[in-house]
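The values are calculated or read from the model by the stated rules, or taken from the named source; none is laboratory data. Because the structure is a prediction, the values reported are computed rather than measured. Ideal geometry is used to build each Cβ from the backbone, glycine not excepted, and the neighbour counts take in all protein chains shown. With ligands, DNA and RNA removed, areas are computed over all heavy atoms of the protein, side chains included. Shrake-Rupley method; radii C 1.70, N 1.55, O 1.52, S 1.80 Å.
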Amino acid sequence: EAAVTQSPRNKVTVTGGNVTLSCRQTNSHNYMYWYRQDTGHGLRLIHYSYGAGNLQIGDVPDGYKATRTTQEDFFLLLELASPSQTSLYFCASSGPGTRGEQYFGPGTRLTVL
Amino acid sequence: GEQVEQRPPHLSVREGDSAFITCTYTDPNSYYFFWYKQEPGASLQLLMKVFSSTEINEGQGFTVLLNKKDKRLSLNLTAAHPGDSAAYFCAVSLSSNTDKVVFGTGTRLQVSP
């Protein structure tokens, strides 16, 4: 069974819309990450977390909020979506002993019209 | 901070040929190195991870080379086949900060019959 799941898998919204992307991991990992993937840029880190209640700013945080409610659940919030946030979003987890290896979810394709 | 440059962005080879992808990184303290494979429409899967104490790692149909002096990580797919068609990403993490990795921009490989 998939250890990192994301929902929804596809989302279409309009400019100014409010979007929440969800991620759940059952790896018992303490680190969780949100990335966006765009052609020519690879994966860029938006936010990450060490554990419930913790939030760390990534490399491209503008326009995004995140919240880690439990060890398993990490949410990405776009409160005023813009077309520039149209992208493929991946959640990942890692933990002690993985030595940086990250386990990825299936991705969420977000389109902002 | 760490910067990772990956080349080439696109690569087309014929079945049976070799495919060579290279990443260069900047931080000499980098310690953990990863190659991920992303098949079309799918998520990222770990292909191989190497540590700075090793220089050559062989997998099924590929070899990973680490040149610490030149700060270069390479992936060589020997005798590529159409099933190898995918995007490949390198990733680098620091020994002191294994919770965060920096990804290369990716190489889209096409293997034609």
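Points to keep in mind about this one:
- Top-ranked residue of segment B:6-24 - restricted to ones that are part of a strand (DSSP E or B) and within 12 Å of the chain's Cα centre (by Cα), ranked as surrounded by the most Cβ atoms within 10 Å (Cβ to Cβ): B:23
- Under the condition of being within 14 Å of residue A:25 (Cα to Cα) and charged (D, E, K, R), the residues counted in segment A:56-79 number 3.
- Under the condition of being open to solvent by less than 50 Å² (accessible area, probe 1.4 Å) and either away from chain B (no Cβ under 11 Å) or in contact with a Leu (Cβ under 9 Å, 6 or more places away or on another chain) (or both), the residues counted in segment A:27-39 number 7.
- Checking each residue in segment A:40-49 for being assigned to a strand (DSSP E or B) and either within 11 Å of another protein chain (Cβ to nearest Cβ) or among the acidic types (Asp, Glu) (or both) picks out A:42, A:43, A:44, A:45, A:48, A:49.
- Selection of segment B:17-49 for residues being over 22 Å from residue A:23 (Cβ atoms) and out of contact with any strand residue (DSSP E or B) (no Cβ under 9 Å at 6 or more places or on another chain) yields only B:28.
- Filter result (more than 13 Å from the chain's Cα centre (by Cα) and more than 19 Å from residue A:98 (Cα to Cα)) within segment B:25-59: B:26, B:27, B:28, B:39, B:40, B:41, B:42, B:55
- Residues in segment A:63-100 that are more than 14 Å from the chain's Cα centre (by Cα) and free of Cβ contacts under 8 Å to residues at least 40 places away in the same chain were compared, and the one that is surrounded by the fewest Cβ atoms within 10 Å (Cβ to Cβ) is A:97.
- Qualifying position, being more than 13 Å from every other protein chain (Cβ to nearest Cβ) and closer than 20 Å to residue B:89 by Cβ, among A:94, A:82, A:22, A:87: A:87
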